[in-house]
Every structure is written in structure tokens, then in C-alpha cells.
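Values in this text are rule-based calculations from the coordinates and carry no lab data. Given the structure is predicted, the values throughout are model-derived calculations rather than measurements. When we count neighbours, we look across all protein chains shown, and the Cβ atoms used for this are built from the backbone with ideal geometry, even at glycine.
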Amino acid sequence: MKKSKNLIYASLLVCFAFTGIKAQENAAKFGIKGGVNFSNLYTEDVDDNNVLTGFNVGVFAKLPITNSIAIQPELYYTTKGAEVIYNNAFVDGTGRFKLNYIEIPVLLVVNLTENFNFQVGPYASYLVSGKTTNESNGSTFDFENNLDTNDFNKIDAGLAAGIGIDLKSMSLGVRYNYGLTTVGKERTYAGTNYTFPDAKNSVMNVYVSFAL
């Protein structure tokens, strides 16, 4: 009888330990992340060679829904922009746009295997600063001196998707952000309305994250 009780106690102890392990596996995770950005501004005639290299750095939370599905909100500082070749009725030349945002993506993370996941969801960004350089063949539109942060749309929004590999407390991944809003504001010049730059953000980033 005593052996039976001991066996019952041992079984209960194992059950409680296993339950505790599963609870820890499904617990919310918080951490830091950062990576390298390869950004562009896409239009109908986008040139994929006009890529700027930048970075992103911030924090994240991973909130499990089930064993294989989680919601992951993030908050980070990220650089975007591109080199743009323009040619219109007024002027032609080459402009370089360096745009810096505070970004919040909210991602659905699906674990396809124990260590491999797929991420997808919307993002919204707020422009904190913008810098431009210009090499122009025309003297009437020198946007390097005339354009500043207030000349760009403050809000950028779009869709993000990527893949990740989980290695205990560290994760590695690749993600693409597809912008849905135009970077430049609409302006009027000589009675004509135009948008400059009439393009949207496109960013590929490679990142590493650490759960704390």
C-alpha cells in the first residue's frame, strides 16, 4: 500500500513538473531586436539598384495564443529611403532620401515547426526625421535645400511578412515591409498638382532578437 501511495505521489509530481514546463514554454516573452535594412522607394519604374543600407533597433513582445500561434507587437526605430532618379516636365536629376521612423508592426507568428516560424501582419510608422541630397540639372527645383521633414507624409503604413528561426532565447529572421502609403506630399507648382517623391517605402531587413 505504501509503495502504491509513493507511486501516486511520484506520478503527480511528474505531472505537475510537466505542466510547469509547458506553461513556461507558452509564457509571454519580451526582448530586444535589431538588424540591417535594405530600403528602396518603389514606383512603376522602380530601379532595384537604388538601395540604401540602414538599420532597425527596438523591443518586442511575443504573446502566445496556442502552442503554435502567437501575436507579436514590436516597437523600434528604423531607417528607410532610396536613391531616386526623376525626370518630369520641370526638372531631372538624382535625389537621395533618408527617412527615419518609429515603427509598430503587429504580427501573427505561426510556428511551422518547433524552430521555424512564419510572420505576417500590418505595420504603422511615424516619421521623426528626413534628410535629402540632390544632384539636379535644373535650378528651379533644388529640393535639397527646400525639402525637410515637414514635406513628407508623417504616417507610413503597410504590410510585413517574414520567416524566423528560433534558437532558445535567440531568434534570426528575414522580413519584408511593403508600404501602402505615398512618401511625398501633394504640391502645386505653376498651377499643376504633383506629388514628390511619388513613391512608397519598400524595406527588406535581416534581424536578430534576444528574449530577456
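Quick one: which residues, 5+ away or cross-chain, put their amide H under 5 Å from the amide H of residue 55? H built at 1.01 Å from N. Long-range HN contacts for residue 55: 37, 79.
Relative to its residue count, region 26-211 spans a Cα convex hull of 105 Å³ per residue. Computed 3J(HN,Hα) for region 201-207, one whole-Hz value per residue from the Karplus formula 6.51 cos²θ - 1.76 cosθ + 1.60 where θ = phi - 60°, is 6, 9, 9, 10, 10, 10, 9, glycine and proline marked x. Scanning residues 5 or more positions from residue 50 or on other chains, none has an amide H under 5 Å from its amide H, with H placed 1.01 Å from N in the peptide plane. Each Lys or Arg adds one and each Asp or Glu takes one away; over the other residues whose Cβ falls under 14 Å from the Cβ of residue 34, this sums to 0. Model label points for residue 87 and residue 174, set 7 angstrom from Cα along the Cα-to-Cβ axis, are 3.2 nm apart. What the phi angles of region 162-178 give under the Karplus curve with 6.51, -1.76 and 1.60, with θ = phi - 60°, is a coupling list of x, 10, x, 10, 9, 10, 6, 8, 10, 9, 10, x, 10, 9, 10, 10, 10 Hz, glycine and proline written as x. In plain terms, the residue of 78, 133, 53 with the fewest other Cβ atoms within 10 Å comes first and the most crowded comes last, giving 53, 133, 78.
The order of 148, 166, going from fewest to most other C-beta atoms within 10 Å of their C-beta, is 148, 166.
What separates the Cα centres of region 143-212 and region 94-139 is a distance of 3 Å. What the Cβ-Cβ distance of residue 42 and residue 116 gives, at R0 = 41 Å and to the nearest 0.05, is a FRET efficiency of 0.90.
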